[in-house]
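The values are calculated or read from the model by the stated rules, or taken from the named source; none is laboratory data. Treat the numbers as computed from the prediction; the structure is a model and nothing was measured. As a convention, Cβ positions derive from the backbone with ideal geometry for all residues, glycine included, and neighbour counts pool all protein chains shown. Each accessible area value is taken on the protein alone, full model and side chains, heavy atoms only, with ligands, DNA and RNA left out. Shrake-Rupley method; radii C 1.70, N 1.55, O 1.52, S 1.80 Å.
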Amino acid sequence: KAGVTQTPRYLIKTRGQQVTLSCSPISGHRSVSWYQQTPGQGLQFLFEYFSETQRNKGNFPGRFSGRQFSNSRSEMNVSTLELGDSALYLCASSSESTGGANTEAFFGQGTRLTVV
Amino acid sequence: KNQVEQSPQSLIILEGKNCTLQCNYTVSPFSNLRWYKQDTGRGPVSLTIMTFSENTKSNGRYTATLDADTKQSSLHITASQLSDSASYICVVGGRGSTLGRLYFGRGTQLTVWP
């Protein structure tokens, strides 16, 4: 069974540009969540999708947006990139439909975004 | 405020030695606590998941303990190996939470020297 796949693995962009990251969850998983990881802040929650609907959103500016498709694949978009957006962006998927105490979360390898 | 604090921030041990990492949390109501291992530049990989009714759970050389009364957890690594060098992240879920409502610690960076 294939794991969570994130593309691309590495990305270099300049300030002001926009970027789209992709996440393909494990087959059968309908819940996808996104996180930003930086050395200073650790993992910060961005948003969560279930069956094409955004279920939760973290405290990030409107420049960060996402969506989920009918096949559960998800994309995350960041517009007007800033230097501080440089981070490892992680995607996780799970099979849970509602809050589950033992629901396993499977993470992808992440996309390393560098803004110059 | 829901928070997860881990200690120490970093740790260096010699191969073959044991070590214990700590996690304190203030998340309430509490549902579950997870430990993840994250190698540099990779995504986190789950080690254990415990609910409030579980006191201990093992996964090979990794043993996690949970005291829901004092809101503390520990991860004990036995007979460390070079491949154990990684960041270990404690994650707490509130009751009824989905994956979008998990609280992350900042991790303990473990380095195992030969």
Need a quick list: strands (runs of 3 or more DSSP E) entirely within the range A:1-94 having at least 2 residues that are within 10 Å of chain B (Cβ to nearest Cβ) and under 22 Å from B:V91 (Cα atoms).
A:31-38, A:42-50, A:53-57, A:87-94
When you go through B:S73, B:S58 one by one, which is the residue that is open to solvent by 20 Å² or more (accessible area, probe 1.4 Å) and small (G, A, S)?
B:S58
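Could you tell me how many of the residues in the range B:58-98 are within 14 Å of chain A (Cβ to nearest Cβ), touching a residue at least 24 places away in the same chain (Cβ under 8 Å) and not β-branched (V, I, T)?
Adding up the residues that qualify gives 12.
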Going through the range B:76-104 one residue at a time, which ones are modelled with pLDDT under 95 and either assigned to a strand (DSSP E or B) or buried (at least 16 other Cβ atoms within 10 Å of the Cβ) (or both)?
B:V91, B:V92, B:G93, B:G94, B:S97, B:T98, B:L99, B:G100, B:R101, B:L102, B:Y103, B:F104
Selected residue [of a type in the set (S, T, N, Q) and open to solvent by less than 50 Å² (accessible area, probe 1.4 Å)] from A:S27, A:S70, A:S33:
A:S33
Could you count how many residues in the range B:29-64 are closer than 21 Å to B:N2 by Cβ, part of a strand (DSSP E or B) and not hydrophobic (A, V, I, L, M, F, W, C)?
7
Looking only at residues in the range B:11-42 that are within 12 Å of B:A86 (Cα to Cα) and within 12 Å of another protein chain (Cβ to nearest Cβ), which one is modelled with the lowest pLDDT?
B:G41
